[in-house]
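Enquirer: I am attaching a structure below and will ask some questions about it afterwards.
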Amino acid sequence: PPGPPRLHVLGATWGGINVTSDIQGLVEIDPFTKNFERLKFNMHTIHTQLLPDPAISVIKTLTVLYRYDNEELRIMNATQFAPQINVRVTPTAHLDQEEGLAKTLYPKFFSTLSNAPWRSPSGRVEIIAALYGTGRIQTPSVLEELGEFFEGRRGQIRTTTGFFRTDPWPGMRKSWTVYFRFAGSGLVQCVTGMEDGALEVPW
């Protein structure tokens, strides 16, 4: 018989560094139902797990790009020291949060990603998700500049609020993450860093 739904972590970042392998190592079978794999994060103590701390005294965000078996891609973007201390990645986390929002319990940390990601005009680069602080960047002109960068058609990008055209988390020092892939490749690539830094390619 088929086993429980598998949780596939395609990428993860924490405070501007790539922590994909760390997060993949935390996947476990749900201890209550045994029906699916999950991740559970205590957002008040996670900085003691993901060491060394990439940005001491900065409140950080944890992003996780994931899917269950052949379901849609989803993204989690959760803040350290959030009011909701325990954040769980489960097959229904994106639905549970809607119920929680109605009861004003949960910030909205989960998004389901379109099966048709943004694609550069040349068709060579697909941007799966771009995140800045607590926000998701979907402005076409920003995605186009990122796409041109990954295609090697433009120079260095300074990752500032001005570049992203928005400040989703005013007054906070923000990290940014872009998950992307080249068309025809199943390999998801990830670049991440802190605001006011420089975008550098991962190869």
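The values are calculated or read from the model by the stated rules, or taken from the named source; none is laboratory data. Predicted, not measured: the structure shown is a model, and the values here were computed from it. Methodologically, a virtual Cβ is constructed for each residue, glycine included, from the backbone with ideal geometry; neighbour enumeration extends over all protein chains shown.
Enquirer: What pairs come out if I take residues in region 109-124 that are under 12 Å from R181 (Cβ atoms) and pair them with residues that are among the aromatic types (F, W, Y) whose C-beta lies under 7 Å away, six or more apart or interchain?
Expert: Note: pairs meeting the criteria are R124/F182.
Enquirer: Exactly one of (1) in the same structural domain as T20 (by TED's automatic domain parsing); (2) crowded, with 20+ Cβ neighbours inside 10 Å is unmet by L131. Its number?
Expert: The failed condition is (1).
Enquirer: Take the residues in region 155-203 that are basic (K, R) and touching a residue at least 40 places away in the same chain (Cβ under 8 Å); name whichever of them is surrounded by the most Cβ atoms within 10 Å (Cβ to Cβ). It would help to see each step written out before you state the result.
Expert: Of all residues in region 155-203, those basic (K, R) come to 158, 165, 173-174, 181.
Next cut, touching a residue at least 40 places away in the same chain (Cβ under 8 Å) only: 158, 173-174, 181.
Working: R158: 11, R173: 16, K174: 26, R181: 18.
Among those that are basic (K, R) and touching a residue at least 40 places away in the same chain (Cβ under 8 Å), it is K174.
Enquirer: Inside region 2-47, can you point out the residues that are crowded, with 17+ Cβ neighbours inside 10 Å and of a type in the set (K, R)?
Expert: Across region 2-47, the qualifying residue is only R38.
Enquirer: Let me ask another. Being touching a Leu at 6+ places or on another chain (Cβ under 8 Å) and either hydrophobic (A, V, I, L, M, F, W, C) or outside the structural domain of L131 (by TED's automatic domain parsing) (or both) is true for just one of F32, F41. Which residue is that?
Expert: Values: F32 fails: touching a Leu at 6+ places or on another chain (Cβ under 8 Å).
After applying the criteria, what remains is F41.
Enquirer: So, one more: So which of S185, S120, S111 is polar (S, T, N, Q), at pLDDT below 95 and within 15 Å of the chain's Cα centre (by Cα)?
Expert: On the way: S185 fails: within 15 Å of the chain's Cα centre (by Cα); S120 fails: within 15 Å of the chain's Cα centre (by Cα).
Only one candidate qualifies: S111.
Enquirer: Restricted to region 1-58, and to residues that are hydroxyl-bearing (S, T, Y) and over 15 Å from the mean Cα position of the chain (by Cα), which residue is nearest to F109 (Cα to Cα)? Before the answer, list the steps.
Expert: Applying the first criterion (hydroxyl-bearing (S, T, Y)) to region 1-58 yields 13, 20-21, 33, 45, 48, 57.
Next cut, over 15 Å from the mean Cα position of the chain (by Cα) only: 33, 45, 48, 57.
Values: T33: 23, T45: 18, T48: 21, S57: 22 Å.
Filtering first and then ranking leaves T45.
Enquirer: Which ones in region 50-90 are under 23 Å from G3 (Cα atoms), of a type in the set (A, V, I, L, M, F, W, C) and surrounded by fewer than 22 Cβ atoms within 10 Å (Cβ to Cβ)?
Expert: Residue satisfying the conditions is L73 alone.
Enquirer: Being touching a residue at least 24 places away in the same chain (Cβ under 8 Å) and under 17 Å from Q189 (Cβ atoms) is true for just one of L62, L39, L73. Which residue is that? Break it down into steps so the answer makes sense when it comes.
Expert: Numbers: L62 fails: under 17 Å from Q189 (Cβ atoms); L39 fails: under 17 Å from Q189 (Cβ atoms).
Only one candidate qualifies: L73.
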